[in-house]
Amino acid sequence: MIYTIGEIITQTSLKTPDKTALIFDGQRYSYRELERKINQCARKLIGQGIAKGEKAALFITNAPEFIIAYFALIRIGAVVVPVNTQLKLRELQYILENCQTRMLLTNLATDSFINQTLPHLTTVQQAIVLTTDPKIAGDGRIQFWNLQTEEGANDHPGLSLIDADEAVIIYTSGTTGQPKGVVLTHLNILSNVNSIVHYLRLTEDDNTLIFLPLFYSYALSQMLTVLRAGGTITLMRDFLFPQRALSLVGQEGVTGFGGVPTTYNILLRIGNLPTYNLSSLRYILNAGGPIYPAIIERLLSAFPGVEIINNYGCSEVAPRATYLDFKYAREKIGSIGKAIPNVQVRVLNPDGREVVPGETGEIVIRGSNVMKGYLNNPVETGRVLQKDGLHTGDMATIDEDGFIFIKGRKSDIINCRGEKISAKEVEAVLISHPAVYEAAVVGMPDEILGEAVKAYIVSKDGQLVNKEELLIFCARNLASYKVPKVVEFVAQLPKTASGKVQKHLLK
Amino acid sequence: MSTNEINIRLKKLVAGIANQEVSDISEAQALKEIGIDSIGMIDLIGGLEVEFGIRVADEDVGPEVFADMGSLAGYIERKSNKS
C-alpha cells in the first residue's frame, strides 16, 4: 500500500530496479535510473529553497525531463502546476498569476521563450530551463540544468507527506471565460490510479504508448497508471506523425495507448494501417470527449482483437469516472459505461433524484478521486461541489441496464479534439479586435475535431474586417486549438427580449 | 516550377493553415514552431496535393520531410520533378 504519488517509482525501483520504466527516442531508462535522476533533481530543488506546499509550474513538452521534474517536485511536497505549452503569453500570464508560482521549469530553450515570453512572466522569480544544450543567454532569473548528466546526491529526500496533501493543480476551461485551477491531493490522484490499474488489468508486462501531451490530466493519468503497475512507458514528443506511433507499437511491444476522438479520426485515415505490426496491442482507450458510434465501429474493424474502451471523466475527478467494459463495446456502443471501481456516478434530475431510463439529468460523481476544490475560487467550488457530489455539468441519460449515455453540456463549453474551450474566452478576444462590435462563439460538429469553434461576428458600423486578419489576431492571443475554424459575418445576433444571445439558434 | 515559386506558394499555404502572416514565416523555421499540429498536418498534406499536384505517400509523412519549411520545399521540388 502506498499513500503518496512519489512512492510509485520508489516502490518498483526497489522491487525490479533493472526493469525499463521509460523509452524515449530509442533511449531506455530503468526504474533505478529514473529513481536516481528524480532524487538528484529533488535535492537540487530543495537547494533552491522550494518548500513543501509551494507551487511550481511545469511548462514542459513530452520528454523524460517532464517525468523527472514532476516526481521530483511531488517528492519534496511541492504542488505541481502542469501548463499547456501551446498557450500564448496572455493565457500563460493569467495561470501563473492565479496560482502565484515563483518557480517555473521548462524545456523550451528557445530564444522566443527565454527572451520574449519569460521577461513578461513577472511572478516567476526562478526559471529553470531543462536542456542538454544551454546556448541562449537569458536574464538573472534563469538557470540551466541538464537532468541527463547531472551528478550529485541521489538519496531519497525523505520528506514526510500524507495523502491529504495537495499534489497537483490542473487548469481547466471555466464557463466564466477564465481557466480554473483544479486542486488535487495525493489521495485524489492515487485512488484514481489504483481504480484504473484494476479495471484495465495493468501489470508489469504492460507497455503504454503516450503521445498526448503530459500536461493533460488524461496523459498524466496514463503515465502514473503504467508506472504504478510497474510497466513501461513508451513516450512520444507529440502526435504530429501518427505513422510513427503505429511503428512504435511493433518495435517496442506496446500493449495499449490512449487517445481522444480526434486521434482516432486521424489514425483511421492512414491508408496502410493493416501493414503495421500491432500484434502486441491489447487495448485502446478513448477519453476526452464523446466519440461517434461509427468511429468505434471502424476502430473495432481496424484493430481486430484489441479491446476498444470508451471512458469518461474530467480533471475534477483526477480524471476518470466511468468506462465501458469491452464486453459491451458493440451492445452498448456510444455509451460511456458505468462507474469505475471505488467511484459513484449517478445521473440526477433537477429534483436531485436519479433519472429513469430515457430521462435526461446531470452526471454527479462521488469518490475519493473528487478534487479538493478550485484554487482561490470558493464561488465556483461551491457551485459544483455539493452535498450529493461533484456536479459535472454534463447531461446524460441511462438505459434500462444502467449504462450512461452523454447528451450534451449544461454550460457554454466547446469540446474540440479533447480540449475544453470556453466560448466566453474566445468571444472576449474577438471583441477586443477594433473592428468587431459583437461576437458569439458556438461549437459545430466536425468530422475530425468532434466539435469545431465557430464564430459569428457583427462588425462595427462602416468597418471592414476580413476573416484572415481576424484569425491571425486570434492566433496571437489564443492557443491554436481555440482559434475559430469557421467565421461567419452577420448583421445581428439573435437575442432574447432581455438581450441574451440565443446560441441554440446559431448551432 | 522554380525553387523560389515553391517557397512562395508553400509559405502562403502554411500561413493560411497556421493563421500566421506570410512575412512571419522563414525557410529555416520548424513546422511545429509555426503552429502546425497534428490537425494542421492533415490540412497541410491535403493542401500540398491540391496546391502542387503531388501525392504524399504515408511513408513520407515523417520528421525527415516535415521537419521545417526548407525540407518540405525540397521534397515538393523532388516530387514535382518526378511527375
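The values are calculated or read from the model by the stated rules, or taken from the named source; none is laboratory data. Here the structure is a predicted model, which means the values were calculated and not measured. Counting neighbours? That spans all protein chains shown, and the Cβs are built from the backbone with ideal geometry, glycine included. The protein model used for the area step is the full one, side chains on, heavy atoms only, and it has no ligands, DNA or RNA in it. Shrake-Rupley method; radii C 1.70, N 1.55, O 1.52, S 1.80 Å.
Some points to look at:
- Residue with peak Gaussian network fluctuation, chain B [Cα springs, cutoff 10 Å], from B:62, B:70, B:35: B:62
- Pairwise centroid distance, computed over Cα atoms, of segment A:193-224 with segment A:237-301, Å: 15 Å
- Relative to its residue count, segment B:15-64 spans a Cα convex hull of 88 Å³ per residue.
- Size of electric dipole in chain B: Cβ of Lys, Arg +1 and of Asp, Glu -1, about Cα centre, debye, nearest 20: 280 debye
- Computed from backbone phi, the HN-Hα couplings of segment A:352-362 come to x, 9, 5, 5, 9, x, x, 7, 9, x, 9 Hz, rounded to whole numbers (Karplus: 6.51 cos²θ - 1.76 cosθ + 1.60, θ = phi - 60°; Gly and Pro given as x).
- Among B:42, B:54, B:34: highest mean-square fluctuation, GNM of chain B, C-alpha pairs under 10 Å: B:42
- For segment A:30-96, size of Cβ-based charge dipole, Lys and Arg +1, Asp and Glu -1, in debye: 140 debye
- Tail beyond 14 Å, pair distance distribution of segment A:353-430 (Cα, percent): 70 percent
- Summing charges over all other residues whose Cβ lies under 15 Å from the Cβ of residue B:52, with Lys and Arg as +1 and Asp and Glu as -1, gives +1.
- Over all distinct Cα-Cα pairs of the protein assembly as shown, the Kirkwood formula returns a hydrodynamic radius of 25.1 Å.
- Value in Å of the Kirkwood radius, where segment A:147-283 supplies the Cα pairs that are averaged: 17.2 Å
- Accessible area that becomes buried as A packs against B, both chains, 1.4 Å probe, Å², nearest 100: 1600 Å²
- Among B:58, B:24, B:68: highest mean-square fluctuation, GNM of chain B, C-alpha pairs under 10 Å: B:58
- Using bins of 5 Å that start at zero, the share of Cα-Cα pairs per bin across segment A:187-409 amounts to 1, 7, 15, 18, 19, 16, 11, 7, 4, 1, 0, in whole %.
- Contact order relative to length of chain A, as percent, for alpha carbon pairs under 8 angstrom and 6 or more apart: 12 percent
- The listed residues A:3, A:312, once ranked by accessible area (1.4 Å probe) with the largest placed first, stand as A:3, A:312.
- Distance histogram in 5 Å bins (all Cα pairs of segment A:363-403, percent per bin): 6, 20, 26, 22, 13, 7, 5, 2, 0
- Note that segment A:469-478 has calculated 3J(HN,Hα) couplings of 4, 5, 5, 5, 4, 5, 5, 7, 10, 9 Hz, one per residue in order, obtained from phi through the Karplus relation 6.51 cos²θ - 1.76 cosθ + 1.60 (θ = phi - 60°); glycine and proline are x.
- Table column - 3J(HN,Hα) (Hz), segment A:244-253, Karplus curve with 6.51, -1.76, 1.60, x for Gly and Pro: 5, 4, 5, 5, 5, 4, x, 5, 10, x
- Enclosed volume per residue, in Å³, of the convex hull spanned by Cα atoms of segment A:7-161: 110 Å³
- Carbon plus sulfur fraction of accessible area for segment A:414-505, probe 1.4 Å, in percent: 52 percent
- Rounded to the nearest angstrom and listed largest first, the equivalent-ellipsoid semi-axes of segment A:298-449 from its Cα gyration tensor are 29, 22, 15.
- Amide H contacts of residue A:276 (H built 1.01 Å from N, under 5 Å, at least 5 apart or other chain): none
- Cα centroid separation, segment B:6-78 to segment A:424-497 (Å): 26 Å
- Dipole of segment A:187-409 computed with +1 at Lys/Arg Cβ and -1 at Asp/Glu Cβ about the Cα centre; of A:364, A:190, A:375, farthest Cα towards the positive end is A:375.
- Calculated SAXS-style log₁₀ I(q)/I(0) at q = 0.23 Å⁻¹ - segment A:386-507, Debye, Cα scatterers: -1.39
- Inverse of mean 1/r across different Cα pairs in segment A:281-362, Kirkwood, Å: 13.8 Å
- Stretching residue A:490 away from residue A:176 to a fully extended chain increases their span by 110.6 nm, per 0.36 nm per residue minus the current alpha-carbon distance.
- Each label was represented as a point 7 Å from its Cα along the Cα-to-Cβ direction; for residue A:331 and residue A:447 these points are 3.3 nm apart.
- Taken over segment A:35-109, the convex hull of the Cα atoms encloses 81 Å³ per residue.
- Only helices enter this figure: runs of n ≥ 4 DSSP H residues, each worth -39500 (n - 2.57), summed and divided by the residues of chain A, yield -8000 deg cm²/dmol at 222 nm to the nearest 500.
- About the centre of its Cα atoms, segment A:414-505 shows a dipole size close to 220 debye [charges on the beta carbon of Lys, Arg (+1) and Asp, Glu (-1) only; nearest 20 debye].
- Only protein heavy atoms count here; under a 1.4 Å probe, residue A:400 has an accessible surface of about 140 Å².
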